[in-house]
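Nothing in this text is a laboratory measurement; each read-out follows from the coordinates by a stated rule. What you see is a predicted model; the values in this text were computed from it and never measured. Using ideal geometry, Cβ is built from the backbone for each residue, glycine included, and neighbour counts are taken over all protein chains shown.
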Amino acid sequence: VTESGFPLEGVTVVEFGSSKAVKLATHFLAGYGATVLIGDPADAEALDEAQRLYFDAAKGVVEGPLVESAEAADVVVTDRTVAARTEAGIGPESLAASGTIVVAVTPYGEAGVGADWPASELTQFASGGQMASLGDRGREPLQAYGNQGESQAALHVVGAVIAALIRRARFGIADSAVDISVQEVQASALELFGGVAFNGDTVPDAFMPRPNGSALHALWAMYECADGLVGVHVNTPNLVPFFTALGRPDLLEKAGDMEFLQSDELRELVSEWIRPMTKAQFMEIASEYGAPFSYVAEPVDLLDSEIVASTGLWREVTGPDGVAIKVPGPMSESPLRFDLARP
Amino acid sequence: MTMPTASQVGTAPTGPALGDTLPLTGIRVLDLTMVWAGPFATKLLADLGAEVIKVEGAGRLDLTRGLGVPDPDVEQPWNNARYFNEFNRNKYDIALDPRTEAGKRILFDLALASDIVIDNFRPHVVERMGLSWDRLHAENSRVSMISMPAYSSHAGEDKLPGYGPNVEEMSGITHFTGYLGEAPHKLGISYGDPVAGLGGAAAALLTIWNRERTGEGIRMEVSQRNLLISLIGEAIVAAQLGREPQRMGNRHPLHAPQGVYPTRDERWVALTVQSDDAWSRFAQLAGITPRADLGAAVGRQSAHDELDEAIAAWSSQLEGAHAVEKLRAAGVAASLVADARDFLDDPVLVERRFLAEVPHESLGTMKISTPSWRFEESQREVHRAPFLGEHNEDVLRRVLGYSSEQIEQLRAEGVIADAPLGGAK
């Protein structure tokens, strides 16, 4: 690793936007050592306290004219359209001339037919194709918590920034401009449904929008346990550990009987087995048998988990009254340094 | 139609032309992944110009080779799956038996000749294949390794398998997702997978960037669960501040009204009124009688149930696309709840050339999504996914310097193959 351990040390990023796609991406970049400067203080004010603590812990603020900072930066990350950036004096031409990488992330693209359409967290999620699969059959589709359209886009932004830096280092191209659309990001991640539907084929029932809420069938469902909800998500390769854990290895005789494997009879059997157990007991069994079981974790479960802590996920920032607050840190476990503390 | 085997048609290299300046041009990725998370990561790397060599067990194919085959009676169905094509385009493919000594040797030599080795096995599996990080790093310190387990390699969860829904549940995102006041709800797609794919790609890029600076490869472990936690970090912080978010269905904590409403053509329209001005315009459009208590968002939150009824009554009279058009014209954020079938004629996606038409020997012209990281005009051409073992000969000859005789012997001994071995489908 570099002497400081920060892989992005020496890289300056100007953040021009307040969307989660921008804020979360620059949180990661700052953690890996980039100097991230908030281009418009009003953007920071748009966040609530929890968002500020998470997203902005390691960032500074542009001092002086935005144009000068943007032109001097290695990278500008923005959620503004081309027209809005041009009006702010940092349009594509001026930043290309200054050799600044620009990564734009907008609901429908930085220019073009949808650039000026109003959008929200909900409508962006609706536009990308993933919401159609979430919810109960016969009810309205449901949004995922936490602005997941923009969350995925944020990871695209991180990748695009690093890719552009690599391109500059390897090929001397300093003015890469990357245009990321939140809609497109989601549309490119539609499991089987995408490839099949793009080609007009019949979509299997299991992949149709909102097949059956949280419980597709007995082996792909959430169940109530003594202190919450647990998940059983079992595929064919997992049938041996599953039936062994269940204490019914005899049922392996029916391993090829899909009707039984997806039946209400088996669901009831599994339900009865799980109901008296705690989440912790259930997960002990999962580990013992190597079965793909899980539980619906709450924040306290994650914050108190010794295993999660052992992965090095958490970093601390200072909250109200000097209280230490845990925030998720690096995208992966590695020798690369990730730190949100700044002098 | 009878399809020739890969060895009959020869190889169809899918790499970028020499001289391309995509970020990863000239970077080789050894791809030991299957299903969705890993292939999604390596698809993104291929989009950025990397030469991605996918390794499959000739007796244990990528499961997605069996998903979305339009004609189940087609010859070589494993080369005709939509799912596999969508997430494995632009890659090379070598199929071998990793249980044989010769297969293990090929794997290790390919790893040594690569810049990145990436897997999404459970922890320790890759070591059992002879690819321990210590050994690899000792022999070529410039190679990096990326692993993408569901949880981590740490004691207590290293033996725990997990699919996308397991990971979602263990990350906390399921806890926060649900209809208003109801139980936690499973996400629709296997959400842990694409998120892990994005994280895996970003990790791979970090290794290349770091090597540009230090000359050294590194090992990175992308925990799918941890990455998902990062996507709801603000909720984790809010919980510590005593303000844990509640499940709100489709509502917004501040803006109102917001929701998903039915339309006359049995579609759903999502809309958000984001300001008081937008509310005035929307109320006029939807024929909702102005009232003083609805002038501010807080009042509209209090009357949300009542407003939902009024909006649903209005939206139910309109076609979905027409409702969205009217709402956008009034400056109200709106979208049809789209599914993939809508994308064929979505005006934005058509304009952005979201789908490429790609020739395929038996599927004809096939539509595959184009790279979502758009580097100006330097887009990579999209090619179909490789046939099973399509590049056995090319990779062994070009990358490892095997002779024709050696390759023929490997084929005869069942070390490499271009059709499933042992009845695999």
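Rounded to the nearest 0.05, what FRET efficiency is calculated for B:GLN284 and A:ALA174 with R0 set to 60 Å and r the Cβ-Cβ distance?
Computed FRET efficiency for B:GLN284 and A:ALA174: 0.75.
Grab the eigenvalues of the alpha-carbon gyration tensor for the protein assembly as shown, scale each by 5, take roots, and send me the semi-axes largest first in whole angstrom.
Each semi-axis is the square root of five times an eigenvalue, giving 38, 32, 27 Å.
Label B:GLU361 and A:GLU87 with points 7 Å out from Cα along Cα→Cβ: what is the distance between them in nm?
5.5
Just the number: Rg to Rh for chain B, Cα atoms, Kirkwood Rh, two decimals.
With Rg and the Kirkwood Rh in hand, the quotient comes to 1.05.
Using label points projected 7 Å from each Cα along Cα→Cβ, tell me how many nm separate B:ASP20 and A:THR2, to one decimal.
Distance between label points: 2.9 nm.
Over segment A:93-215, consider all pairs of different Cα atoms and compute the Kirkwood hydrodynamic radius from their mean reciprocal separation; express it in Å, one decimal.
After inverting the mean inverse Cα-Cα distance, the result is 16.3 Å.
Give me the percent of DSSP beta bridges within the protein assembly as shown that run antiparallel, rounded to the nearest 5. The partial results should precede the final answer.
On the way: 35 of 74 bridges.
Percent antiparallel among DSSP bridges in the protein assembly as shown is about 45.
Using a Förster distance of 35 angstrom, determine the FRET efficiency expected from the C-beta separation of B:ASP73 and B:GLU182, and round it to 0.05.
About 0.20, to the nearest 0.05.
Which Cα, out of B:LEU400, B:VAL382, B:THR370, lies furthest along the positive dipole direction of segment B:330-401 (beta carbon charges, K/R +1, D/E -1)?
B:LEU400
Looking only at other chains, what is the average number of their beta-carbon atoms within 10 angstrom of each beta-carbon in A:215-224?
The per-residue average across the peptide is 2.
Just to confirm the filter: which GluC sites (Glu not before Pro) across segment B:106-183 are DSSP coil and have at most 12 other Cβ within 10 angstrom of their Cβ? All intermediate terms of the calculation are to be shown ahead of the outcome.
Values: sites: B:GLU127, B:GLU139, B:GLU157, B:GLU168, B:GLU169, B:GLU182; in loops: B:GLU157, B:GLU182.
The qualifying sites are B:GLU182.
Which of B:ASP97, B:ASP119, B:ASP345 moves the most in a Gaussian network model of chain B with Cα springs under 10 Å?
B:ASP345
Tell me, A:THR236, B:THR25 in order of fewest to most beta-carbon neighbours within 10 Å?
By the 10 Å Cβ count, ascending: A:THR236, B:THR25.
When only Cα pairs under 8 Å and 6 or more residues apart are kept, what is the percent relative contact order across chain B?
Answer for chain B is 22 percent.
In chain B, what percentage of the DSSP-assigned beta bridges are antiparallel, given to the nearest 5?
On the way: 17 of 37 bridges.
For chain B, the DSSP antiparallel bridge percentage is about 45.
In the neighborhood of A:ILE166, defined by Cβ-to-Cβ distances under 12 Å, what is the net charge if each Lys or Arg adds +1 and each Asp or Glu adds -1?
Net local charge, A:ILE166 excluded: +3.
Charges at C-beta only: +1 for Lys and Arg, -1 for Asp and Glu. How large is the resulting dipole of segment A:51-164 about its Cα centre, in Debye rounded to 20? Walk me through the numbers before you get to the answer.
Numbers: 6 positive and 14 negative charges, 80 e Å.
Magnitude of the dipole: close to 380 debye.
Using unit Cβ charges (K, R positive; D, E negative) and no other charged atoms, how large, in debye to the nearest 20, is the dipole of segment B:125-182 about its Cα centre?
Roughly 280 debye for segment B:125-182.
Taking beta carbons within 10 Å but only from partner chains, what does the mean come to for residues A:108-115?
4
Relative to the Cα centre, what is the charge dipole magnitude of the protein assembly as shown, using +1 at the beta carbon of each Lys and Arg, -1 at the beta carbon of each Asp and Glu, and rounding to the nearest 20 debye?
So the magnitude is around 680 debye.
Top mean-square fluctuation among B:GLY249, B:GLY401, B:GLY59, Gaussian network model of chain B, C-alpha springs under 10 Å?
So, out of B:GLY249, B:GLY401, B:GLY59, the one fluctuating most is B:GLY401.
Given labels modelled 7 Å from the Cα in the Cβ direction, how far is it in nm from B:ARG264 to A:ALA309?
Reported label-point gap for B:ARG264 and A:ALA309 is 6.1 nm.
Report the extension gain between A:THR236 and A:ALA280 in nm, rounded to one decimal, defined as 0.36 nm multiplied by the number of residues separating them, less their alpha carbon distance.
13.3 nm
Answer with one residue from A:GLY228, A:GLY159, A:GLY128: the one whose Cα lies farthest towards the positive end of the charge dipole of chain A, charges on Cβ with Lys, Arg +1 and Asp, Glu -1.
Toward the positive end, the furthest listed residue is A:GLY159.
What number, rounded to the nearest 500 deg cm²/dmol, is the helix-based mean residue ellipticity at 222 nm of chain A, given -39500 (n - 2.57) per DSSP H run of at least four residues and division by all its residues? It would help to have the intermediate numbers written out before the result.
On the way: 16 runs with 133 residues, N = 343.
Taken over chain A, the calculation gives -10500 deg cm²/dmol.
Return a whole-number percent for the relative contact order of segment B:28-181, with Cα pairs under 8 Å and 6 or more residues apart as the contact set.
Relative contact order for segment B:28-181 comes out at 22 percent.
How much length, in nm to one decimal, is gained on full extension between A:SER94 and A:ASP321, taken as 0.36 nm per residue of separation minus their Cα-Cα distance?
Here the segment from A:SER94 to A:ASP321 would lengthen by 77.4 nm.
Pull up the cross-link candidates among the lysines for A:LYS20, meaning alpha carbon to alpha carbon under 23 Å and not fewer than 8 places away within one chain.
A:LYS59, A:LYS326, B:LYS186
Name the residue farthest towards the positive end of the dipole of chain B from the options B:THR272, B:LEU349, B:SER223, assuming +1 on Cβ of Lys and Arg, -1 on Cβ of Asp and Glu, about the Cα centre.
B:SER223
Add +1 for every Lys or Arg and -1 for every Asp or Glu among the other residues with Cβ under 12 Å from the Cβ of B:ALA323, and state the total.
Combined, the nearby Lys, Arg, Asp and Glu give +1.
If packing is taken as the average count of other Cβ atoms within 10 Å, what order do B:171-177, A:327-333, B:271-277, A:262-268 fall into, highest mean first?
In decreasing order of mean packing, B:171-177, A:327-333, B:271-277, A:262-268 become B:171-177, A:327-333, B:271-277, A:262-268.
If you take the beta carbon distance between B:ALA412 and B:ALA292 as r and set R0 to 60 Å, what does 1/(1 + (r/R0)^6) give as a FRET efficiency, to the nearest 0.05?
Plugging the Cβ-Cβ distance into 1/(1 + (r/R0)^6) gives 0.10.
Around B:ASP293, under 12 Å between beta carbons, what's the net of Lys plus Arg minus Asp minus Glu among the other residues?
+1
Which whole-number percent of Cα pairs in segment B:30-119 have a distance greater than 19 Å?
39
When only C-alpha pairs under 8 Å and at least 6 residues apart count, what is the relative contact order of chain A, in percent?
Numbers: 583 pairs, mean separation 57.9, N = 343.
In percent, rounded to a whole number, it is 17.
Within 10 Å of each residue's Cβ, count the other Cβ atoms and sort A:VAL323, A:VAL103, A:VAL36 from fewest upward.
Fewest-to-most ranking of A:VAL323, A:VAL103, A:VAL36: A:VAL323, A:VAL103, A:VAL36.
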